[in-house]
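The values are calculated or read from the model by the stated rules, or taken from the named source; none is laboratory data. Just so it is clear, the structure is predicted and the values come from calculations on it, not from any experiment. Reconstructed Cβ throughout: ideal geometry from the backbone, glycine too, with neighbour counts over all protein chains shown. The protein model used for the area step is the full one, side chains on, heavy atoms only, and it has no ligands, DNA or RNA in it. Shrake-Rupley method; radii C 1.70, N 1.55, O 1.52, S 1.80 Å.
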Amino acid sequence: TDRADHALSLFDELGFWVKSPRYHFAEPNPLFYEQAAWGIATRRERLQALIALSEYHLPFAKKPETPPVFVTSVRSLMTRTLPRRDFLKACKKQSVNQSVQPDVLTRSWAEIGYQRVNTVLEPGQFSKRGGIMDIWTPAENLPVRLDFFGDEIETIRQFDPASQRTVEKLESILVTPAREYVASSDQEAELSEFHIPLLHQQPASLLDYLPQKTIVLIDDLSIVEGMAAEVEEQAVRFRKESIEEEILSPDFPLPYVPWSELHDVLHGKATLELGYSSAVTSEQPPVDSGLAGCFGHDERFGGRLKPFVEYAGSTVERGEELVIVSRQSPRLQEMWLESRDDSESISGQSSAIEFIESSLSEGFVIGNLHLITDSEIFGWERPQPRTRARPAAETPESIYADLQASDYVVHIDHGVGKFGGLVQRELDGHVREFLAVEYNGGGQLFVPVHQADRLTRYVGAEGAVPALDRLGGQEWHEKKGRVKQAVLEVAQDMLDLYARRNVVQGYAFKADTAWQKELEDSFPYVETEDQVRALNDIKRDMEIPRPMDRLLCGDVGYGKTEVALRAAFKAVMDGKQVAILVPTTVLAQQHYETFLQRLAAFPVKVEMLSRFRTSREQSNIVHGLAIGEIDIVVGTHRLISGDVQFKELGLVIIDEEQRFGVTHKEHLKKLRTEVDVLTLTATPIPRTLYMALTGVRDISNLNTPPEERLPIVTHVGPYSPKLVRQAILRELERGGQIFFVH
């Protein structure tokens, strides 16, 4: 494909059409000259594709039963990778009863890109403890443990890193490279920071890995060639500029495989080009009359379901076949059956329509076959849910695995000290491992590894150096006493309020309606697991007869607004009003527009009360709230003025509560004893966080960023129109969005 986002959406959609294994050869986000990480997921996806293709060339590898499908973008294809010969040479099979020295293995694993760690937590890592070696290869979902007896591999077991328990015993494993570059000298290691495998004489592309019997489909060759020219032009220009600025040496090779080279390789393969063409005329009969028609659908209903049902009826009456692929297929099927008058016509015609609950980007018409998707019916499309990469595992050792010598730590009984590393000491004739902690005055504490949970990393102001406590002294106990007293005072103030809230009889909202499901299905993105979990917690709170008071924590852009919107809609569906309280007029405008857009298809009235409204408009809104005409109101502190009265307030959503003043907070406290309250925050204040963590308030966390969210790269330098242009073009090429603040 031409762009990374097109490759990804095509990869997702292929899951609907084919049962073959699918691999996405991901495009690294940083350009070759940028000192930025590729990201674990990108690196792993690329390696998994190379490993799957290598299985066709390795005599001892198990060939896949169904031929796999690989999806990639042009820049990804042009990004150089390890030569096939070097990759295959680095792949080694380790079997039970095989003789191999553990030290030889550790050296070879380090050479092919594996990182040596104390505890294996993610793919691309290995560890060695005596006669036990753990390794997590990029292609596998779980790590593997090799048990040695001398130089012989006694057992190979796949294990769960969290529990350390064996999942399955294996006869052999295939150890493949964990990086696309291999650094063997200091200079090369420095270059490998750029993630460029330019250290080889003949860096390759993905095409070099393809077996002879491969069909290559090119999604619109004209666009791909245009993209390739742009990528190549960038590469040549930056190489020239870097040499002039003495960042790179003149003999540094071009960082991308030229498109002309790839084009020559493609000509030697069976290729199929997918492109745009003018409509077939009567003078030019189609090659295969059975496939006459158009890809893309003329009919669009924009959420109007009556015309859709009429269209379905006329299609069936003409004897044509209709397939409906929708997230709401059960509801659409129900509507279709209700529209048929008599059972005879239902039994005769419903079989002509196939309803499939899934998601596709768009439909098409070919001959007598009509395929309609949510894009045509509702005017929005939603991507296929993507199976997420397994997160790094939490193991018993993870409490101290990331601590470095001289990090500051806190022991629950002895206070702040300096971590001295993992040491071995003999006790009762047995050698055991301890965590060493150094204290003020030279005191040392040895904490047994099984008590590691009594130590935590010291967290303080950025760059601040804490004063070490004295081992056995009273300072730490006095500090803990003062904090306990302060906590008790805060808790006492707040407990009255929360105790009253617990005994107050609140409103129990009813279960979700069909419209609720329709709204949730119209979300044009895939929800993160955290969003789903938080929403379930909120709905459960709303459905019990006790006023909800839940804190929703999540970073900017992690989807708090969508969760709040669904909660608000649930309240409105039960005849209640919703007030959304925000600290600034700009934020009020932003939420107002989001709510208007998402709720446009439903009979819900949304208004905004802020200084952007005239006095007359404000009076009308206040009147509308009092008589129950307005369902949802978004507003600043103007919302908690004395003149604002609600007819049937059921839910209050507060965004960034810590930015409201003390008097506003008193008003909000009173609200909490009467109605359900949901507080959203990206930066919870310590007191609020403490109360949530101690169970006085309920808490939900959004820790997972949405799919394709990229880490922020900050560049500070003199203003350069050329650099601005490059940055904008780069983001457009990625299919991303740009704010230019000037």
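Sorting 3-11, 96-104 by average packing, meaning the other beta carbons within 10 Å per residue, from highest down gives 3-11, 96-104. From most to least packed by mean Cβ count within 10 Å, the peptides 536-544, 82-90, 465-473 give 82-90, 536-544, 465-473. Of all aspartates and glutamates in the structure, the ones whose alpha carbon falls short of 18 Å from that of Lys722, not counting any fewer than 8 places away in one chain, are Glu34, Glu230, Glu232, Glu233, Glu241, Glu244, Glu245, Glu731, Glu733. Between the beta carbons of Arg540 and Gln737, assuming R0 = 41 Å, the FRET efficiency works out to 0.70 to the nearest 0.05. Counting only protein heavy atoms and a 1.4 Å probe, tell me what percentage of the stretch 37-78's accessible area is made up of carbon and sulfur. Of the solvent-accessible surface of the stretch 37-78, carbon and sulfur hold 57 percent. Amide H contacts for Gln577 (H built 1.01 Å from N in the peptide plane; partners 5 or more residues away or on another chain; cut-off under 5 Å): Glu648, Leu649, Gly650, Leu651.
With 0.36 nm allotted per residue and the present C-alpha distance subtracted, the Ile243-Gln645 stretch has 137.8 nm of extension available.
Quick check on the stretch 1-107: take the gyration tensor over C-alpha atoms, sort the square-rooted eigenvalues as a ≥ b ≥ c, and tell me if it's rounded (a/c under 1.5), prolate or oblate. Taking the square roots of the gyration eigenvalues as a ≥ b ≥ c, the stretch 1-107 is oblate. Per-atom-type breakdown for the stretch 478-597 gives carbon and sulfur 57% of the accessible area (1.4 Å probe, protein chains only). Go through Lys19/Lys92; Lys576/Lys670; Lys62/Lys92; Lys62/Lys89 and tell me which ones have a Cα-Cα distance over 22 Å in this structure. Violating the 22 Å Cα-Cα cut-off are Lys19/Lys92. In this structure the amide hydrogen of Leu322, modeled in the peptide plane, comes within under 5 Å of the amide hydrogens of Glu354, His370, none closer than 5 places in sequence on its chain.
Across the options Ser54, His6, Ser73, the greatest Cα extent toward the positive end of the charge dipole of the stretch 1-116 (unit charges at beta carbon of Lys, Arg, Asp, Glu) belongs to Ser54.
Once the chain from Arg165 to Ser95 is taken as fully extended at 0.36 nm per residue, the excess over their C-alpha distance is 23.1 nm. Amide H to amide H, with H built 1.01 Å from N, Thr513 comes under 5 Å of no residue 5 or more places away or on another chain. Could you work out what % of the accessible surface of the stretch 412-458 is carbon and sulfur, using a 1.4 angstrom probe and leaving DNA, RNA and ligands out of the count? Carbon and sulfur atoms account for 44 percent of the accessible area of the stretch 412-458. The label-point distance for Arg318 and Leu142, in a model that sets each label 7 Å from Cα toward Cβ, rounds to 5.4 nm.
Rolling a 1.4 Å probe over the protein heavy atoms gives the stretch 546-593 an accessible area of 27 Å² per residue.
A straight chain from Trp380 to Asp521 at 0.36 nm per residue would run longer than the Cα-Cα distance by 49.8 nm. The packing ranking, built from the mean of other Cβ atoms within 10 Å per residue, places the peptides 155-162, 16-23, 215-222 in the order 155-162, 215-222, 16-23, highest first. So what is the relative contact order for the stretch 91-150, in percent, with contacts set as C-alpha pairs under 8 Å and at least six apart? Worked out over the stretch 91-150, it gives 20 percent.
With the simple spin-label model, which puts each label point 7 Å out from Cα in the Cβ direction, the Leu305 to Val504 separation comes to 3.7 nm. Remark: spin-label model distance Asp251-Glu426 equals 5.6 nm, labels positioned 7 Å along the Cα→Cβ axis. Taking a ≥ b ≥ c as the square roots of the eigenvalues of the Cα gyration tensor of the stretch 544-659, is the shape rounded (a/c under 1.5), prolate (a/b larger than b/c) or oblate? It is rounded, given that a/c, with a ≥ b ≥ c, falls under 1.5.
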